[in-house]
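Visitor: Could you have a look at this structure, given as structure tokens, before my questions?
Readers should treat all values here as calculations from the given coordinates under stated rules, not as data from a laboratory. In this text the structure is predicted, and so the values were computed from the model without any measurement. Note that each Cβ is placed from the backbone with ideal geometry, even for glycine, and that neighbours are counted across all protein chains shown.
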Amino acid sequence: MSVSYKRSICWVRRDLRLFDHTALAEATYRSHEVFVVFVFDPTILDLLEDRAHLRVSFIHRSLQEMDRKLREQGSRLWVLLGNPATVIPQFAKEIQAEAVFASRDYEPFARRRDLTVQENLKLAGIEFLDFKDQITFDPHELATAEGNPFRVFTPFRKAWEKLFIADRDAAEAVSDLNKLARDDESIDYPMPSLKDLGFQEVELWLEPGEDAGRKRLANFASKLADYKAKRDFPALDQTSTLSVDFRFGTVSIREAIRLTLEHPSEGADSWRSELIWREFYQHILFHYPDVVDQTFQPQYRDIEYPGSKEDFEAWSEGRTGFPIVDAAMRCLNATGWMHNRLRMVVASFLTKDLLVDYRWGEAYFQRKLLDFDLASNNGGWQWSASTGADPQPYFRIFNPISQSAKFDSEGNFIRRWVPELADLEAPSIYFPALAAEFDLLTASVELGKTYPHPIVDHAIQRDRAIALLSKKPITES
Ligand SMILES: Cc1cc2nc3c(=O)[nH]c(=O)nc-3n(C[C@H](O)[C@H](O)[C@H](O)COP(=O)(O)OP(=O)(O)OC[C@H]3O[C@@H](n4cnc5c(N)ncnc54)[C@H](O)[C@@H]3O)c2cc1C
């Protein structure tokens with residue numbers, strides 16, 4: 001491809017890596033000199049209540065790694081602070097850039113932001129070029145036979161698989177690192193410390209950055225074949241834990257897909273299908289941005305959930321008296337991560353057993369999750385609440401006790417996070433309220449004292465949930 005720009009910017013956002021990076025590859029092929037830039041936007045940072053913030057720490061440390069890697073190439077990362085609509089055009093003018101390259105972001109806020117940045121750049125005669133990077137197909141590339149967006153997962157996956165051509169859709173985007181702008185002391189936008197940004201350093205349970213992310217991916221290769229059989233058991237370490245890497249782009253989605261093609265198996269197919277779920281929710285969010293505030297299924301928009309604030313608090317603090325729910329919530333509170341099976345269990349429990357509005361749970365996850373992603377979180381919550389695109393049918397309600405028996409049969413996950421039940425054997429550990437007095441005594445469990453009584457009766461709440469939701473049957477999509 002011929003070089004058309006003297007100087008350009010590669011503005012990184014949720015693509016914090018150098019390897020297999022579409023916008024960077026395009027920028028380096030089309031320009032003589034490329035400045036890699038990140039913007040800390042106070043509009044986003046100011047909204048964050050917790051000053052010891054997991055995601056801010058993850059981003060900051062990933063950027064430090066990126067800066068180090070760029071310096072190894074004789075370049076560096078330029079870090080701006082301010083509203084991108086102002087600071088990107090200002091910086092572009094200062095360095096006399098002719099174009100800004102970026103990876104496409106499909107969230108409603110990001111789309112509005114990018115449009116404003118593009119307009120402001122245009123006023124200065126600077127081009128804005130964005131590229132598909134974090135998903136395989138852009139929302140307009142996949143449609144039903146009638147030309148509509150897919151609203152159901154399986155036909156979406158089938159269409160994805162039909163359209164997919166590995167050499168085209170999972171090819172590595174190779175950058176020409178010789179084109180990176182030399183570090184220039186006259187253009188000094190140093191990396192602010194977390195303290196400068198008003199945040200504290202936080203201990204993270206997994207290593208941030210591209211190197212650690214790619215290592216996670218490589219290590220996961222040995223687990224891929226067993227993924228389908230073992231993915232549902234939270235006590236086993238059998239899922240990839242790459243969600244945070246896909247969220248911040250420390251791992252390329254194409255590299256992940258290539259892994260499934262290089263190690264073909266039932267497990268690899270199953271894992272790729274999960275990556276396609278992620279893409280499905282990105283498309284849903286793009287086509288139906290109103291899901292951020294309201295149910296995808298219109299018949300549920302006026303639903304009034306009777307659940308109480310006290311029950312919500314017991315849920316969020318892990319003291320519901322249902323051990324699998326409590327263990328999962330305590331794990332989330334301590335680490336910022338939760339296994340997918342447990343996300344489904346606790347979301348079902350909140351919405352169907354406690355009859356609390358799914359938006360409260362969604363907001364709680366947004367606050368706590370290291371891998372928080374608007375599209376997947378909203379999709380997961382609306383799936384569990386039976387209000388979303390292709391959701392869990394409202395009459396299929398998880399029983400938290402049989403979920404423990406099925407997916408944590410020895411009680412090991414519960415034991416790890418609810419230490420006051422550590423000496424209780426399975427099956428008593430699934431639900432101490434039904435355990436024999438003798439078992440409780442020998443395990444030093446005193447209900448109401450060392451561990452809470454159940455805050456609800458599952459059988460009663462299940463019927464109430466069905467009554468609440470069945471008045472408004474789910475329409476076929
Ligand atoms: C209520 C609820 C909330 C959720 N919130 C988020 C969120 O904020 N961010 C997030 O990344 N995922 C979310 N998920 C999806 C899923 O739980 C996590 O992606 C998964 O647990 C991450 O672990 P992993 O990387 O080991 O997954 P793996 O099992 O290794 O799966 C590989 C990748 O596929 C994607 N994926 C897997 N399952 C799903 C799914 N059900 N929906 C969408 N993508 C999926 C993720 O990117 C994941 O990293 C949520 C699910 C539920 C039920």
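Visitor: What spacing in nm lies between the two simple spin-label points modelled at residue 309 and residue 46, each 7 Å away from Cα in the Cβ direction?
Guide: Rounded to a tenth, the inter-label distance reads 2.7 nm.
Visitor: Run through every distinct alpha carbon pair of segment 129-207 and return the Kirkwood hydrodynamic radius in angstroms, one decimal place.
Guide: 17.9
Visitor: Under 5 Å between amide H atoms, partner at least 5 residues away or on a different chain: which partners does residue 31 have, H built in plane at 1.01 Å?
Guide: HN-HN under 5 Å from residue 31: 4, 5.
Visitor: Report the FRET efficiency, 1/(1 + (r/R0)^6), for residue 459 and residue 333, where r is their Cβ-Cβ distance and R0 is 25 Å, rounded to 0.05.
Guide: After rounding, the FRET efficiency stands at 0.30.
Visitor: Specify the angular offset, from 0 to 90 degrees and rounded to the nearest 10, of the alpha carbon long axis of helix 374-384 from the longest principal axis of the alpha carbons in the chain.
Guide: Orientation of helix 374-384: about 20 degrees from the principal axis.
Visitor: Order by neighbour count: 331, 10, fewest other Cβ atoms within 10 Å first, most last.
Guide: 331, 10
Visitor: A follow-up question, please. If we sort 262-272, 396-406 on the protection proxy, mean other Cβ atoms within 10 Å, highest first, what's the order?
Guide: 396-406, 262-272
Visitor: Pull up all non-local amide H partners of residue 301: gap of 5 or more, or a different chain, and H-to-H distance under 5 Å with H placed in the peptide plane.
Guide: Sorted by chain and number, the residues that satisfy this come to none at all.
Visitor: Same structure, new question: Report, ordered by chain and residue number, the lysines lying within cross-link reach of residue 230, taken as a straight Cα distance under 19 Å and ignoring same-chain residues fewer than 8 apart.
Guide: 406
Visitor: Using amide H atoms built in the peptide plane, which far-off residues or other-chain residues are under 5 Å from residue 133 H to H?
Guide: Result for residue 133 returns 104.
Visitor: When the Cα atoms of the chain are enclosed in a convex hull and the volume is divided per residue, what value in Å³ results?
Guide: 152
Visitor: Students often forget the sequence filter, so: which lysines lie under 18 Å Cα-Cα from residue 158 once same-chain residues fewer than 8 apart are removed?
Guide: Qualifying lysines at Cα under 18 Å: none.
Visitor: Using the Karplus curve 6.51 cos²θ - 1.76 cosθ + 1.60 with θ = phi - 60°, work out ³J(HN,Hα) for each residue of segment 180-193 in order, rounded to whole Hz, and write x for Gly and Pro.
Guide: 5, 4, 5, 4, 10, 5, 6, 10, 10, 10, x, 5, x, 6
Visitor: Compute and list, largest first, the equivalent-ellipsoid semi-axes of segment 80-197 from the alpha carbon gyration tensor, each √(5λ) rounded to a whole angstrom.
Guide: Computed over segment 80-197, the values are 35, 18, 15 Å.
Visitor: Taking the beta-carbon count within 10 Å as an exposure proxy, list 175, 470 from fewest neighbours to most.
Guide: Sorted ascending by nearby Cβ count, the order is 470, 175.
Visitor: Also, I was wondering about something else. Segment 298-470: Rg/Rh from Cα coordinates, Kirkwood Rh?
Guide: 0.97
Visitor: Translational diffusion coefficient, Stokes-Einstein: compute it for segment 285-333 using the Kirkwood radius over C-alpha pairs as Rh, at 10 °C and 1.306 mPa s, and state it as an integer in µm² s⁻¹.
Guide: 121
Visitor: Something else now. Under the rule of -39500 (n - 2.57) per DSSP H run of 4 or more residues, summed and divided by the residues of the chain, what mean residue ellipticity at 222 nm is obtained, to the nearest 500 deg cm²/dmol?
Guide: After summing the helix terms and dividing by the residues of the chain, the value is -13000 deg cm²/dmol.
Visitor: Quick check: pseudo-label points 7 Å beyond the Cα along Cα→Cβ at residue 129 and residue 425, how many nm apart are they?
Guide: 6.8
Visitor: Next question, about the same structure. Could you give the alpha-carbon Rg of segment 5-133 over 2.2 N^0.38 Å, rounded to two decimals?
Guide: Its radius of gyration relative to the 2.2 N^0.38 Å reference: 1.02.
Visitor: Please arrange 172, 26, 94, 33 by how many other C-beta atoms lie within 10 Å of their C-beta, fewest to most.
Guide: 94, 172, 33, 26
Visitor: To two decimal places, what compactness ratio does segment 252-353 give when its Cα radius of gyration is scaled by 2.2 N^0.38 Å?
Guide: In units of the globular-protein estimate, segment 252-353 measures up at 1.38.
Visitor: Would you work out which of 455, 468, 296 lies farthest towards the positive end of the dipole of the chain, given +1 charges on the beta-carbon of Lys and Arg and -1 on that of Asp and Glu, about the Cα centre?
Guide: Most positive-ward Cα: 296.
Visitor: Quick one: putting +1 on the C-beta of Lys and Arg, -1 on the C-beta of Asp and Glu, what dipole do you get for the chain around its Cα centre, in Debye to the nearest 20?
Guide: So the dipole magnitude of the chain works out to roughly 540 debye.
Visitor: Now for a different question. For the chain, find the longest principal axis of its Cα atoms and tell me its angle to the long axis of helix 323-335, 0 to 90°, nearest 10.
Guide: The answer is roughly 30 degrees.
Visitor: Helix 84-94 sits at what angle to the longest principal axis of the chain, using alpha carbons and giving 0 to 90 degrees rounded to 10?
Guide: 20
Visitor: Please get the size of the charge dipole for segment 298-470, origin at its Cα centre, with Cβ charges of +1 on Lys and Arg and -1 on Asp and Glu, quoted in debye to the nearest 20.
Guide: It works out to roughly 400 debye.
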